[in-house]
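The values are calculated or read from the model by the stated rules, or taken from the named source; none is laboratory data. Owing to the predicted nature of the structure, the values given are computational and were not obtained by experimental measurement. Cβ placement follows ideal geometry from the backbone for every residue including glycine, while neighbour counts extend to all protein chains displayed.
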């Protein structure tokens, strides 16, 4: 069984979040379910899919007025994404253990887990440049210098499979995943 854990912190935790919970379930199941997910059927569809959904609310939030985090645990591991809304824009603030500040604007995001080292950002940039794909923004977060790191590139177009293979072939790249927004 997979587990979806939704955590609300700060001002947001004071509100009825039924619609937001349904949106999370719908977003996670998009492309896997033909059923339209709404506030009435979200829990039923999640149960039919073998998902256990847990919610946690805390009216305190250390650094933001509100923060929402979603963790999904499967047999393949756990992925956590946290974000907030500031100045009318959505901000992705955390991916797993990495803190960043990404304002997604559409297009594609390339997530790369790697060992932090000189030249890696340039090598990935060379691959995207040779593919004639524009990088509209970049975020880098690391746990310590020359340690575990994550790079997120916002791309105007998707990379082709051959370019993803080139990125994965770079020394110290552990994973590279392309996400369409």
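Annotations for the structure displayed:
- Here is the figure for the stretch 145-170: residues that are touching a residue at least 24 places away in the same chain (Cβ under 8 Å), on the phi < 0 side of the Ramachandran plot and in a loop (DSSP other than H, G, I, E, B) total 8.
- Of residues in the stretch 81-107 being part of a loop (DSSP other than H, G, I, E, B) and surrounded by 13 or more Cβ atoms within 10 Å (Cβ to Cβ), the one nearest to the chain's Cα centre (by Cα): 96
- If the condition is being assigned to a helix (DSSP H, G or I) and surrounded by 17 or more Cβ atoms within 10 Å (Cβ to Cβ), then the stretch 108-122 contributes 120, 121.
- Test: residue in the stretch 31-54 that is assigned by TED's automatic domain parsing to the domain that holds residue 89, part of a strand (DSSP E or B) and within 17 Å of the chain's Cα centre (by Cα): no
- Test: residue 81 is assigned by TED's automatic domain parsing to the domain that holds residue 24, touching a strand residue (DSSP E or B) at 6+ places or on another chain (Cβ under 6 Å) and modelled with pLDDT of 95 or more: yes
- One residue from 74, 59, 78 being loosely packed, with under 14 Cβ neighbours inside 10 Å, touching a residue at least 40 places away in the same chain (Cβ under 8 Å) and within 19 Å of the chain's Cα centre (by Cα): 74
- Condition met for residue 3 (touching a helix residue (DSSP H, G or I) at 6+ places or on another chain (Cβ under 6 Å) and not in a loop (DSSP other than H, G, I, E, B)): no
- Meets criteria (under 30 Å from residue 162 (Cβ atoms), in contact with a helix residue (DSSP H, G or I) (Cβ under 7 Å, 6 or more places away or on another chain) and not assigned by TED's automatic domain parsing to the domain that holds residue 156) for residue 135: no
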